[in-house]
Amino acid sequence: MDNLSWVVDECIGELGKSVAPCDLLERLFADPRCPAFGADHHFIVGACLLTALASAKGDSGETLLSRLSELGVRSSSVPGAACARWGVCGAGVSAGMAYAIASGNEPLKENGWAEGQKMVALIGLAIADAGAPRCCKRDSRIAVEVAAGIFERDFCVSFPSPEPRKARCAFSEANAVCLRENCSYYENR
């Protein structure tokens with residue numbers, strides 16, 4: 001997680017602020033340390049959700065740091081290109097990991113297990129419906145958007161509405177296989 005310490009620092013800096021997970025995601029995407037593609041997104045998605053949840057619940061920095069550390073351990077098991085090689089997008093998995101961490105989920109725990117699975121399934125459907133080939137930015141945005149509402153419902157919190165036009169993509173030129181006009185995040189739409 002050393003190469004992602006900047007994400008942890010940014011998230012800890014957001015603690016206590018009213019933050020929409022989608023807005024935090026966009027701020028992290030805008031950071032020059034954020035790559036256009038790859039496994040970093042498998043940490044970033046969950047980090048945005050855990051940070052927004054911690055802020056909404058008034059959790060301590062120690063609690064958030066502990067959860068981000070656990071997310072780092074879990075997300076390091078999800079390689080780049082999991083979408084093609086495993087058949088599941090790492091951004092969706094990251095949201096599921098965040099849900100499991102926040103709910104204290106364990107394999108034999110009844111409450112939270114099915115809910116986390118259903119959330120990841122909904123994210124997977126939304127990502128699949130967006131079309132191929134993959135785009136880590138698009139799929140991360142979808143994962144956070146779908147998960148945010150479920151986090152609000154299941155953890156009894158409210159996130160602020162995302163700022164207008166925050167979900168416009170500035171990465172289309174870096175993606176040779178960008179769907180351009182067929183992507184709902186394309187910047188010239």
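The values are calculated or read from the model by the stated rules, or taken from the named source; none is laboratory data. All of these numbers come straight from a predicted model, not from anything done at the bench. Note: ideal-geometry Cβ built from the backbone for every residue, glycine included; neighbour counts use all protein chains shown.
So the values come out like this:
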{"read-out": "Single residue of Cys183, Cys83 found to be closer than 21 Å to Ala39 by Cα and either in contact (Cβ under 8 Å) with a residue 12 or more places away in the chain or among the hydroxyl-bearing types (Ser, Thr, Tyr) (or both)", "value": "Cys83"}
{"read-out": "Qualifying positions in the stretch 1-38 - modelled with pLDDT of 95 or more and among the aliphatic types (A, V, I, L, M)", "value": "Val7, Val8, Ile12, Ala20, Leu24, Leu25, Leu28"}
{"read-out": "Residue under evaluation Asp59, criteria (1) touching a Lys or Arg at 6+ places or on another chain (Cβ under 8 Å); (2) acidic (Asp, Glu); (3) in contact (Cβ under 8 Å) with a residue 40 or more places away in the chain, criterion not met", "value": "(1)"}
{"read-out": "Conditions (1) more than 13 Å from the chain's Cα centre (by Cα); (2) under 26 Å from Ser5 (Cβ atoms): number failed by Leu122", "value": "(2)"}
{"read-out": "Check on Val157, in contact (Cβ under 8 Å) with a residue 24 or more places away in the chain, over 26 Å from Ser69 (Cβ atoms), of a type in the set (A, V, I, L, M, F, W, C) and assigned to a loop (DSSP other than H, G, I, E, B)", "value": "no"}
{"read-out": "Top-ranked residue in the stretch 79-103 [being modelled with pLDDT of 95 or more and β-branched (Val, Ile, Thr); ranked as nearest to the chain's Cα centre (by Cα)]", "value": "Val93"}
{"read-out": "The stretch 26-62, residues that are among the aromatic types (Phe, Trp, Tyr), in a helix (DSSP H, G or I) and either under 18 Å from Glu173 (Cβ atoms) or in contact with a Phe, Trp or Tyr (Cβ under 7 Å, 6 or more places away or on another chain) (or both)", "value": "Phe29"}
{"read-out": "Criterion violated by Ile150 - all others in (1) modelled with pLDDT under 85; (2) in contact with a Lys or Arg (Cβ under 9 Å, 6 or more places away or on another chain) satisfied", "value": "(1)"}
{"read-out": "Residue list for the stretch 125-156, restricted to those being under 25 Å from Ala56 (Cβ atoms), small (Gly, Ala, Ser) and surrounded by 14 or more Cβ atoms within 10 Å (Cβ to Cβ)", "value": "Ala126, Ser140, Ala143, Ala147, Ala148"}
{"read-out": "Residue list for the stretch 75-106, restricted to those being surrounded by fewer than 17 Cβ atoms within 10 Å (Cβ to Cβ) and either touching a Ser or Thr at 6+ places or on another chain (Cβ under 8 Å) or of a type in the set (Lys, Arg) (or both)", "value": "Arg85"}
